[in-house]
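Trainee: My structure is below; once you've seen it, I'll send some questions.
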């Protein structure tokens, strides 16, 4: 019983780890098409990561062991979150000690380690990236929790499996739409996308995540990029499982897999579309943007009372 | 083994220390080792007492000498033992730390300081064990006064001012506590704790007792808006004392609240818990906000204590709400969360203060803007401080994560007690505030650690820093280990907490967490399991292994050394982000609360094109100060002005007052 | 008896009007002697009243005036009292005080034997207070204190026909100590400020 659970855990972690660069590539491709460009192929990120993982690295003499260790922790957190994430395909298991807060705090841990690493090299870029990352995190966290609560209150539990089961196959009401909108905003902020951050820039006025990892190169950079892709996929999975509850039933049948893949693709497309349509926002406008998410979540809680 | 023997041993040790230390006046080194050594032994005796109680159940004893109103009776139940054990554990570590740290104070009144230190620890140990109202008030006062004198030790103007502020505040608090106790004693007709109950008393008395105890103990705990003394007094004391004050002295207030709300007052109306929740949430959020923008490391830690007291009280408040709505199972969970966090905060706050003290010891400055790069010269301290930071930021797998999870769960269940949309909204808002607090705490400690220990040294002070002696490292290491152990063995701690709480709940109500599975910390609400650190550890380790495999897939590769990229110029320490800069966005986003005032002074004598000197300062204004204390202050000053008019200093006038009163009394006595 | 009481009142009146320190002390001396006489009259040959009378004479007629006069002699340039209220105003206030005292006693204890003595003693207490409040010189304040003390002593005497001896001894000792302390302080005041004007003491206030 217990061993089965552990196996499922590892399978999920491995599966999402392998698929993550593909989803990231898909988003990029969608974006390119929407912007009338050809763009790189959907598998480009695999090649990039493979390249980075075979390169030597340049490390500043200012740095300490924190800088060297941080990418591993960052990667492990992403993989851990992937293992604990809600995949509707594996719901036959009864005992499932995967709590929502375990996933959220793995994200906090990953952010903590990367922000420390960003300060380690002593450059102003790193410090700025770290500072802004922690600032945005402080704003995202309450909104994210509120949004998650819309589902957790329905399930009367913060256990991810309970939450998944409670929403699966449900009808979409007003509450679900509000909650989905709220989480989509948070998805934009957490995956470092326009309008909160810009994943494609190295301009010091705009970058947040890129600023933090500016000093990294070679194998460690590969790990970080990969981990970011995994984290993004985990968030997309959470979004499509918990906030897009239109699924025929629970289980791992063919139709469920088709629905699941469809929802992932839909979310990826949505991300690409919103990034094409939106402008980068001033850093101090972000609180207002996330407040909208928090407000929507509160509305969802109010609307979701049964 | 007899309990009274153990307890007596503890008292005897401290008495020996207090009596003999003054006679070692000339030999400071001997006095240092002796006094602090005794403190270690005494504290360990306290830990033994506590474990004895956990094994054999509650113990009571009376000392042979008794005065009419001062019955020295001791009763250690598991609640007392829990706090006794925490105090003993932290005090033992602090005393060991003090042996090395105390040397800095040889030039000052060292013997006095050692004496006060011993008395301070002893009074804390007594506060949580005595069983009599008067005795409690006396040792509570001794605790306040000794800590006041220790705060004043540093001999600087700021510390003296802080000490007096502390003295005034703590006495106001004591007055409230005294009122609460006397009302209780009056309605129950006894001064013994075991007999104090107000079940028969009317609603008004109960409410007044509640309010008085909340204000009184809240003053000591440092909840906002009664916190103003805390961030000034705690940093001013010598570091090992700061660690004790922040780590355990605040917890004596929690102990007092627990006694009142679990035992003396019984189940109260829901607004009691609601009020505590409100102030707890304010304390948590404001406390951490002030901590984020602080750049004096010890003040930062002090503000973070305000935050953590807020977190503990969130648990207490939720517990009381559950009790009043007849949900003892959830109440037990909430109280357990609060008590767990009491232990955790004691451990990691002591650790962080030790680390901060080590840094101050090495660099002679508390201002983070002068630190930097210490990880290279203080390798051990930096590891321990990192563990403390991770624990206080509630990162898995450390202890802070577990207690914060329990808090989340307690708040998550609030809608069950309150019901309806309102209940859900209250629960949701409190949880999101808790999330905000957690995220800000993470930002705060990223800043503290990153600015102090990482990158390059920012001043000449830090360049000469060296690692502190082993006597300071061992307690830090022990506390760091404890952070990890308390996190990983959380289900075991829950068994302990069950023992602490079981007497205050209906039969069998909280047995849910008495016999957990070894790897899952669950709540009744969760059908398929709760928090499991082993599972978390498993996936995390799997992730690490995967990362290492990918890293080594094409061999380890070469690492080249290259300067940090600063657009092509050679980087120096002045290009690094500062603590003020790091917290800048947060300061601005929460500007409505923090109201930062920036001041830029440009030195006009320097050339505008090169080498211009600009001084940039940020001041944070404290909302509570402005809204509560400054008006209060103005009122008191105006009152004093009026008193000054009356008090001219003229002897004749004073006697004139006497005469006027005499005549008035005479006339009154004739019933005119 | 009534004559003595009236004499006491007169002495108090004169004290209010006294404008030289030395004469004030002399009036005090006479006042204390009258109190001693009252003591003997009241006691009618009881030994302990006799002891009290002798103590009064030794301490209040002998030692205290002697000490005060010595200090007055030292204060060569301060013979004049320097009242807040002038002699006439003081007399008026004193008269009002006496009326008040009589009225109070009349209201509360009209039928008690020797209520006149009681009224006189209350007047003495109040006039003593008045002296202290309306005079600047330290010596005059001591004089006021002794007057008050005399009044209090008389109250005790007239209501109880003699307090227990041990208490009276205590009171005398108390007065003696108080006056010695005050004399010493006056002397220190003179040395520090070249004056015994107590309004200087305002400077001590923060």
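Read-outs throughout are calculated quantities, based only on the coordinates presented, and are distinct from any laboratory measurement. Worth saying up front: this structure is predicted, and the values here are computed from it rather than measured. Here the Cβ positions follow ideal geometry from the backbone for every residue, glycine too, while neighbour counts run over all protein chains shown.
Trainee: Averaged over peptide B:372-384, how many Cβ atoms belonging to another chain are found within 10 Å of each residue's Cβ?
Mentor: Going residue by residue through B:372-384 and averaging, the value is 2.
Trainee: Based on the Cα coordinates of the protein assembly as shown, what is the per residue volume of their convex hull in Å³? Walk me through the intermediate numbers first.
Mentor: On the way: hull volume 275.3 nm³, N = 1184.
In the protein assembly as shown, the Cα convex hull volume per residue is 233 Å³.
Trainee: Let me check against my output: what whole-number percent is the relative contact order of chain B, with C-alpha pairs under 8 Å and at least 6 apart?
Mentor: 11 percent
Trainee: Set the Förster distance to 22 Å, then compute FRET efficiency between residue B:617 and residue A:284 from the Cβ-Cβ distance, nearest 0.05.
Mentor: Between residue B:617 and residue A:284 the formula returns 0.55.
Trainee: Kindly provide the helix-only [θ] at 222 nm of the protein assembly as shown, computed as the sum of -39,500 (n - 2.57) over DSSP H runs of four or more divided by all residues, to the nearest 500 deg cm²/dmol?
Mentor: -23000 deg cm²/dmol
Trainee: Follow-up. Determine the shielding of peptide B:402-408 by partner chains: average, over its residues, the number of Cβ atoms on other chains within 10 angstrom of each Cβ.
Mentor: So the per-residue partner count for this stretch is 2.
Trainee: Then there is this: Mind pulling up the Rg/Rh value for segment B:281-394? Radius of gyration and Kirkwood radius, both on Cα.
Mentor: Rounded to two decimals, Rg/Rh equals 1.10.
Trainee: Using all alpha carbons of segment B:338-403, what is the percent of pairwise distances in each 10 Å bin, ordered from the shortest bin to the longest?
Mentor: Histogramming segment B:338-403 at 10 Å steps yields 22, 47, 24, 7 percent.
Trainee: Evaluate E = 1/(1 + (r/R0)^6) for residue B:624 and residue B:15, where r is the Cβ-Cβ distance and R0 equals 35 Å; express this FRET efficiency to the nearest 0.05.
Mentor: Taking R0 as 35 Å, the efficiency between residue B:624 and residue B:15 is 0.25.
Trainee: Roughly what % of Cα-Cα distances in segment B:236-331 sit above 18 Å, to the whole percent?
Mentor: Result: 51 percent of Cα pairs exceed 18 Å.
Trainee: Calculate the radius of gyration of the Cα atoms of segment A:185-306 to one decimal place, then report Dmax, the largest Cα-Cα distance, as a whole number, both in Å.
Mentor: Final numbers for Rg and Dmax: 17.0, 53 Å.
Trainee: Can you give the FRET efficiency to the nearest 0.05 for residue C:194 and residue C:20, using r as the Cβ-Cβ distance and R₀ = 30 Å? Kindly include the intermediate steps, with their values, before the conclusion.
Mentor: Details: r = 20 Å, r/R0 = 0.66.
Here the calculated transfer efficiency is 0.95.
Trainee: Using only Cα atoms, what Kirkwood radius does chain B have, in angstroms?
Mentor: It is 26.8 Å.
Trainee: Here is a further query. Given segment A:254-306 reduced to its alpha-carbon atoms as identical point scatterers, what log10 I(q)/I(0) does the Debye formula return at q = 0.15, 0.16 Å⁻¹?
Mentor: Result of the Debye calculation: -0.73, -0.79.
Trainee: Summarise the partner chain shielding of A:60-68 as one whole number: the mean count of Cβ atoms from other chains within 10 Å of each residue's Cβ.
Mentor: 6
Trainee: OK, next. In what sequence do B:7, B:635, B:551, C:187 fall when counting other Cβ within 10 Å, fewest first? Intermediate values should be presented prior to the final figure.
Mentor: Numbers: B:7 23, B:635 10, B:551 20, C:187 16.
In increasing order of surrounding Cβ atoms, one gets B:635, C:187, B:551, B:7.
Trainee: Given bins 10 angstrom wide, list per bin the percent of all Cα-Cα distances in segment B:224-282, short to long.
Mentor: Using 10 Å bins, I get a P(r) of 19, 40, 29, 11, 0 for segment B:224-282.
Trainee: Could you tell me which of rounded, prolate or oblate describes segment A:1-121, using a ≥ b ≥ c as the square roots of the eigenvalues of the alpha-carbon gyration tensor, with rounded for a/c under 1.5 and, failing that, prolate when a/b is larger than b/c and oblate otherwise?
Mentor: It comes out oblate by the Cα gyration axes.
Trainee: Now for a different question. Would you please calculate the Kirkwood hydrodynamic radius of segment B:335-465 over all C-alpha pairs and express it in Å, rounded to one decimal? Walk me through the intermediate numbers first.
Mentor: On the way: mean 1/r = 0.0618 Å⁻¹.
Its Kirkwood hydrodynamic radius stands at 16.2 Å.
Trainee: Starting from the Cα of residue A:254, step 7 Å along the direction of its Cβ; do the same at residue B:63; then give the gap between the two resulting points in nm.
Mentor: For residue A:254 paired with residue B:63, the spin-label model returns 8.4 nm.
Trainee: What ranking, highest mean first, results for peptides B:212-219, B:663-670 when packing means the other Cβ atoms within 10 Å averaged over each residue?
Mentor: So the peptides B:212-219, B:663-670, ranked by packing, come out B:212-219, B:663-670.
Trainee: Quote the relative contact order of chain A in percent (integer), defining contacts as alpha-carbon pairs under 8 Å separated by 6+ residues. Each step should come with its number before you reach the end.
Mentor: Working: 482 pairs, mean separation 90.8, N = 306.
It comes to 30 percent, rounded to a whole number.
Trainee: Please work out the Cα convex hull volume for segment A:2-303 and give it in Å³ per residue.
Mentor: Hull volume normalised by residue count: 127 Å³.
Trainee: For residue B:463 and residue B:661, calculate 0.36 nm times their separation in residues minus their Cα-Cα distance, and state this gained length in nm to one decimal. Each step should come with its number before you reach the end.
Mentor: Working: separation 198, 0.36 × 198 = 71.28 nm, distance 6.98 nm.
Going from the current span to full extension adds 64.3 nm.
Trainee: Can you pull the one-decimal nm distance between simple spin-label points at residue B:2 and residue C:173, each 7 Å off the Cα toward Cβ?
Mentor: Reported label-point gap for residue B:2 and residue C:173 is 4.8 nm.
Trainee: Above 22 Å lies some portion of the pair distances; for segment B:1-151, what is it as a whole percent of all C-alpha pairs? Walk me through the intermediate numbers first.
Mentor: On the way: 4385 of 11325 pairs.
Roughly 39 percent, once rounded to a whole number.
Trainee: If you don't mind, there's one more thing I want to ask. Specify the inter-centroid distance of segment C:115-168 and segment B:169-225, based on alpha-carbon positions, in whole Å.
Mentor: Taking the Cα centre of each part, segment C:115-168 and segment B:169-225 sit 48 Å apart.
Trainee: Take residue C:76 and residue B:182, extend 7 Å from each Cα along the Cα→Cβ direction, and tell me the distance between the two endpoints in nm.
Mentor: Here the answer is 6.0 nm between the modelled labels.
Trainee: I would also like to ask the following. Please report the base-10 log of the normalised intensity I(q)/I(0) for segment C:164-206, using a Debye sum with one equal scatterer per alpha carbon and no solvent, at each q in 0.25, 0.26 (1/Å).
Mentor: Debye curve over Cα of segment C:164-206, log10 I(q)/I(0) at q = 0.25, 0.26 Å⁻¹: -0.82, -0.85.
Trainee: If you don't mind, there's one more thing I want to ask. Kindly give the semi-axes, whole Å and largest first, of the ellipsoid equivalent to segment C:2-200, taking each as the square root of 5 times a Cα gyration tensor eigenvalue.
Mentor: In descending order, the three semi-axes are 28, 21, 12 Å.
Trainee: State the antiparallel share, in %, of DSSP beta bridges confined to the protein assembly as shown, rounding to the nearest 5.
Mentor: Around 85 percent antiparallel, to the nearest 5.
Trainee: Run the Debye formula on the Cα coordinates of segment B:628-669, all scatterers equal and no solvent, and tell me log10 I(q)/I(0) at q = 0.14, 0.17, 0.21 1/Å.
Mentor: -0.51, -0.62, -0.71
Trainee: While we're on this one: Evaluate Rg over Rh across segment B:174-315, taking Cα atoms for both radii and Kirkwood's formula for Rh.
Mentor: Details: Rg = 16.1 Å, Rh = 15.6 Å.
The Rg/Rh ratio comes out at 1.03.
Trainee: OK, next. Eigenvalues of the Cα gyration tensor times 5, then square-rooted: what semi-axes does that give for segment B:529-672, in whole angstrom, largest first?
Mentor: Working: eigenvalues 952, 215, 32 Å².
Largest first, segment B:529-672 gives 69, 33, 13 Å.
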